[in-house]
Amino acid sequence: MENRTYTKTFRILHWAIAFCMLFLLLTIFLRLNWMNKNNVSDIIQNYLSTTDQQLSEEQSIKLAKLIRKPMWEWHIYIGYVLVGLYVIRMILPFFGEMKFTNPFQKNIDVKTKFQYWVYLVFYFCTAISLITGLIIELGPKKLKEPMEEIHILSIYYLVAFIVLHFGGVLLAELSTQKGIISRIISGNDK
């Protein structure tokens, strides 16, 4: 693959999408770990045990959900931002910007084909994540649970893509495409 230059539009959109995805991943990580409703409930119960106040387990879990609700609302807001960025990304090729490359081309090597396929799968999975997220928030309540099951799987493709992306960038930087990191940050080789 040749050394590409990245337009300002490409770089801004790349980093905006990247930061949104990392923020969404952070909110998921917090919700599954430190801000898990059971962990927060335990903290509440432990504190209350040092006072003369009491809450039932059900009440402390409700309180825990209220405590973490603002964080989860940010997950939803950033999801909406990502929907907008994704739509922009999908329409830019029609204006000559950020074109998609066909992995079926005959004149490209296996490594480049793999790279193009990874991006196509990434965009497809991202579309599924965004659509299911929108249905969860805006769709009929009867679809909420099945859409949540699909939406939760997003974490797996996202983590896999991040690992592949960073690994590929590092490999490119250390071998055939020196300066790729500089070009995606500043547009220059240095």
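Rule-based calculations on the coordinates, nothing more; no lab input. Quick caveat: nothing in here was measured; it's all calculated off a predicted structure.
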Notebook entry, point to check: Among D42, D52, D109, which one moves the most in a GNM of the chain with springs linking Cα atoms closer than 10 Å?
Noted result: D52
Note to self: Give the lysines reachable from K62 as a straight Cα distance under 24 Å; neighbours fewer than 8 places away on the same chain don't count.
What the structure shows: K37, K141, K142, K144
Check: What aspartates and glutamates could a cross-link reach from K106, if we take a straight Cα to Cα line under 18 Å and drop same-chain neighbours fewer than 8 places away?
Finding: E2
Next item on the list: Using only alpha carbon pairs under 8 Å that are at least six residues apart, calculate the relative contact order of the chain and give it in whole percent.
Entry: 25
Check: With helices defined as uninterrupted DSSP H runs, which ones in the chain have an alpha carbon span along their own long axis of at least 24 Å and mean Kyte-Doolittle hydropathy of at least 0.5?
Finding: 8-32, 110-138, 154-174
Margin query: Quick one: 3J(HN,Hα) in Hz for the stretch 96-109, Karplus 6.51/-1.76/1.60 with θ = phi - 60°, rounded, Gly and Pro as x.
Written below: x, 10, 6, 5, 7, 9, 6, x, 8, 4, 7, 9, 10, 6
